[in-house]
Amino acid sequence: MTQLHPVNELRVAIVDDHAMFRTGVRAEIADAVDVIGEAEDVDSAVKVIEDLAPDVVLLDVHMPGGGGIEVIRRVHPRHADTKFLALSVSDAAEDVIGVIRAGARGYVTKNISGTELVDAITRVAAGDAVFSPRLAGFVLDAFAGTIEVAQVDEDLDRLTEREREVMRLIARGYAYKEVAKELFISIKTVETHVSSVLRKLQLSSRHELTRWANDRRLI
Amino acid sequence: MTEYRRALRPADRRLVAGVSAGLADHLGVPVVAVRVAFVVASWFNGAGAIAYLLLWRFMPLATPELAPGLESATRRGLRTSNRLPVREIVQALCLAAVGLGVFVAMQASGRGIAGPVLAPVLIGLVGIAVIWRQFDDASLGRWMRQTSGLAFATRIAAGILLVAVAVVYVITQDRGWSAIADMGVAVLAALVGAALILGPWLFKLVGDLDEERRERVRSQERADVAAHLHDSVLQTLALLQKNPGDAAQVATLARRQERELRSWLYGTDNTIGDRFAAAVRATAVEVEVDHQIPIEAVVVGDAPMDADVTALVRAAREAMVNAAKHAGVDRVDVYAETDGRTAEVFVRDRGAGFDPERIADDRMGVKGSIIGRVERHGGTARIRSTPGEGTEVALTVPIRQGEHVPEEEARP
C-alpha cells in the first residue's frame, strides 16, 4: 500500500498537550526523522495533520478536546495514509484498546527510549503494527477464552492459534526477529500475524470485547 | 466470591434506557437478540414494553467508577468515552420499525389491544419514557456535565403533557358513564399519573442519599491515598537531590515513583488481595527495587493463590533475582498467564546466558529453589539459555481446584 520511505525522510508530527514532553521527544528523534509539526490539542492536531499530511503522528491518548481517539476519528477517513502511533503515560486498558480500535497502528508508553521510538515509527510508517508486551497482554486478555471453536461465528472474533502464539511471545518480551526465530517463520510472517491481530482488534464487534472493557472499568 | 451478580444498565451504551445492553451483558448474549426478544414480546398485549419499563425501574444504572486519573481526564475532556456505533443505532431503529409494523398489522387484523385503550397507552408510555430518561441523565449529570436547565425543563414538561393527554383521552373516552364514575376515574388516573411522574423522584431521593454516603467514604479514602502519594513523591524528590550522581539509584527511584503514581491514577494494576496477578506484580516490584533493574511484568488472567501458585511465584522470584544478578542486562521481562487450569510464568533476559547442562555445579539456586520447588508442586520448569544471547525460565504449575493443597511456609 505505502512505499517504503528511507528513515530520514519520514515526516512526523508530535501531538501532546505537554510542551516539555514534545520538546523532549523532538530532541530524541530529530536526528532520525523529520519532525514537521507539533500540536497540543484535538483542534490544532487536526489542522496540523490536514495541512501537512505527515507520514506518522505520535499521538497522546489524553488531551484537551476529547483525546487521541477524537483526533483519529476526525482525520482518519480523509487521510488514510497518515499512520498513528499512540504514545501515552496512561496504562488504562480501555483507553489503549480504544485508541487502537479508533485506528492507531500501535501503542508505546512514554518512557520508551529514543531508538526504540524511532524503530516503532519506522515500523508503523511501513504499514506494520507495533505491539509492546503490555499491549499484547491486553489483547490476550481481551480475546481470552475464545478458543472454543464451536461457538465462533466470525473469524474476526477470535485469534488463531498462531496469532495467539505470536502475541504470547511478544508479551514475553520477544522482538519480532526473535519471535520469527522461535516459531521458524520469517519476520514478514510475524508482521502479517501482528497486523492481522490489529485488524481483528479494530473490526471485531464481539460483545465479549466490549464487555471485557466494561468489566475492567467496573472492577 | 459468592456474591450474586446484579444486572446493571450501562450508562455509556444505551439507546433508550440501557436495559437491553445490560441484560445482554448479564446473560452473555448479543444485545440484538435481547432487543428482538423485547420487540417480539411487545406484540403480545405489549408484554415486552411493560417488561422493559419494569426492568428500567429495577435495574440500577451503572455509572462507571474510574481510577482518579481517568475520572479527571474524563471531566476535563481529555478522553472520548465510547460512542455507540452507528450500525447499532440503525439496527435498533430498523428493528423498532419492523416491530411497529407487525404490531399495526396485528391491530388491523383485530387481534391486538382494544383500540380505545391503545392510543392513550402508547402516548402515555412515550411520556413516561421521556421523563424517566431525564432522571437517568440528571443523576448522571455529576459526571457527564449534562445539567442543561432549559432543555431539562422542556423535556419534563413534554413528558408530563404526554401523560396528561393520555389521561384526558382515557377519561373522555368514557363519556357515557355517570358523573361519579367520571370523577372516580379522573382521580384514579391523576393519582396513577402522579405516581408515575413522582415515583422516580422518590426512588431517586433514597438512592441519592445512599450514593452520597458512599461517595463521601470514597473521597475520604482517596484523599488519604493522595496524601500518602504526595508524601512519597516528596521523599523521592528529596532522595534524588541527595544522590544526583548515582545514576542507577536515581533511575530506580524515578521508576518506582512513576509506577506508584501511574497505578494510582490509571490503575487497573493495583488489584488488592491475595491473587496471582497481584502477587506476580508485587514480586517484580520487590526484585526491581532490591536489584535496581527495570522488570516489565505483563499478567494475563487471574487466579486465587494456593500453595502451588505461591510456590510458582516464589520460584519466579528466584528466576528474576538470578536474571537481575547474573545476566548483566538493563531490563528483565516477566510474563505470567493463567487460564484457571494452569498458571505459567516466563522470566526472560537478553543477557550473558549460561550453559544449562552445567548448572548442577555452580548454580544451586537454580536447581533447588526454582526447578525443585516447582516440581514438588506438580509443575514443570524449563530453562533455556544460550551463552551470549540470554536466558528464559518457563515455569508451569497446574491449579488444583477444590482439592486440599498442603500449605507451604508463610510468605516472607
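The values are calculated or read from the model by the stated rules, or taken from the named source; none is laboratory data. All figures in this text were calculated on a predicted structure; none of them were measured in a lab. Here Cβ is always computed from backbone atoms with ideal geometry, including for glycine, and neighbour counts include all displayed protein chains.
Given the conditions (1) surrounded by fewer than 19 Cβ atoms within 10 Å (Cβ to Cβ); (2) within 13 Å of chain B (Cβ to nearest Cβ); (3) under 30 Å from A:ALA142 (Cα atoms), which single one is not true for A:HIS18?
For A:HIS18, the exception is condition (3).
Hey, among the residues in the range A:68-127 that are basic (Lys, Arg) and under 24 Å from A:ASP51 (Cβ atoms), which one's farthest from the chain's Cα centre (by Cα)?
Once the filter is applied, the top-ranked residue is A:ARG78.
Which residues, counting only those in the range A:37-53, are assigned to a helix (DSSP H, G or I) and more than 14 Å from chain B (Cβ to nearest Cβ)? Spell out how you get there, then give the answer.
Kept after step one, since they are assigned to a helix (DSSP H, G or I), are these residues of the range A:37-53: A:42-52.
A:SER44, A:LYS47, A:VAL48, A:ILE49, A:GLU50, A:ASP51, A:LEU52 - these are the residues of the range A:37-53 that are assigned to a helix (DSSP H, G or I) and more than 14 Å from chain B (Cβ to nearest Cβ).
Using beta carbons and a limit of 6 Å, which pairs, at least six apart or on different chains, have the first residue in the range A:171-198 and within 22 Å of B:VAL345 (Cβ to Cβ) and the second one not in a helix (DSSP H, G or I)?
A:ALA171/B:VAL298; A:ALA171/B:TYR335; A:ARG172/B:TYR335; A:ARG172/B:PHE346; A:ARG172/B:ARG348; A:GLY173/B:ASP333; A:GLY173/B:ARG348
Of everything in the range B:325-346 that's part of a strand (DSSP E or B) and in contact with a Lys or Arg (Cβ under 9 Å, 6 or more places away or on another chain), which residue is nearest to B:GLY388 (Cα to Cα)?
B:VAL332
Where the second residue is part of a loop (DSSP other than H, G, I, E, B) and of a type in the set (Lys, Arg) and the first is surrounded by fewer than 14 Cβ atoms within 10 Å (Cβ to Cβ) and lies in the range B:368-380, which pairs have Cβ atoms under 7 Å and are six or more apart or on separate chains?
Close Cβ pairs (under 7 Å, with a partner that is part of a loop (DSSP other than H, G, I, E, B) and of a type in the set (Lys, Arg)) do not exist here.
Filter the range A:74-101 down to the residues that are more than 17 Å from A:ALA13 (Cβ to Cβ), surrounded by fewer than 24 Cβ atoms within 10 Å (Cβ to Cβ), within 10 Å of another protein chain (Cβ to nearest Cβ) and free of Cβ contacts under 8 Å to residues at least 40 places away in the same chain and list them by number.
A:VAL89
Could you list all residues from the range B:320-344 that are away from chain A (no Cβ under 13 Å) and at negative phi?
Those that are away from chain A (no Cβ under 13 Å) and at negative phi: B:VAL321, B:ASN322, B:ALA324, B:LYS325, B:HIS326, B:THR342, B:ALA343.
Tell me yes or no: at least one residue of the range A:54-66 is away from chain B (no Cβ under 14 Å), surrounded by 22 or more Cβ atoms within 10 Å (Cβ to Cβ) and more than 15 Å from the chain's Cα centre (by Cα).
yes
Is it true that some residue in the range B:189-202 is in contact with a strand residue (DSSP E or B) (Cβ under 7 Å, 6 or more places away or on another chain), at negative phi and in a helix (DSSP H, G or I)?
The answer is no, given that none of the residues of the range B:189-202 is in contact with a strand residue (DSSP E or B) (Cβ under 7 Å, 6 or more places away or on another chain), at negative phi and in a helix (DSSP H, G or I).
Just to check your reading of the model, which residue among A:LEU169, A:LEU159 is modelled with pLDDT under 90, under 20 Å from B:ALA336 (Cα atoms), buried (at least 21 other Cβ atoms within 10 Å of the Cβ) and within 14 Å of chain B (Cβ to nearest Cβ)? Break it down stepwise before answering.
On the way: A:LEU169 fails: modelled with pLDDT under 90.
Answer to the selection: A:LEU159.
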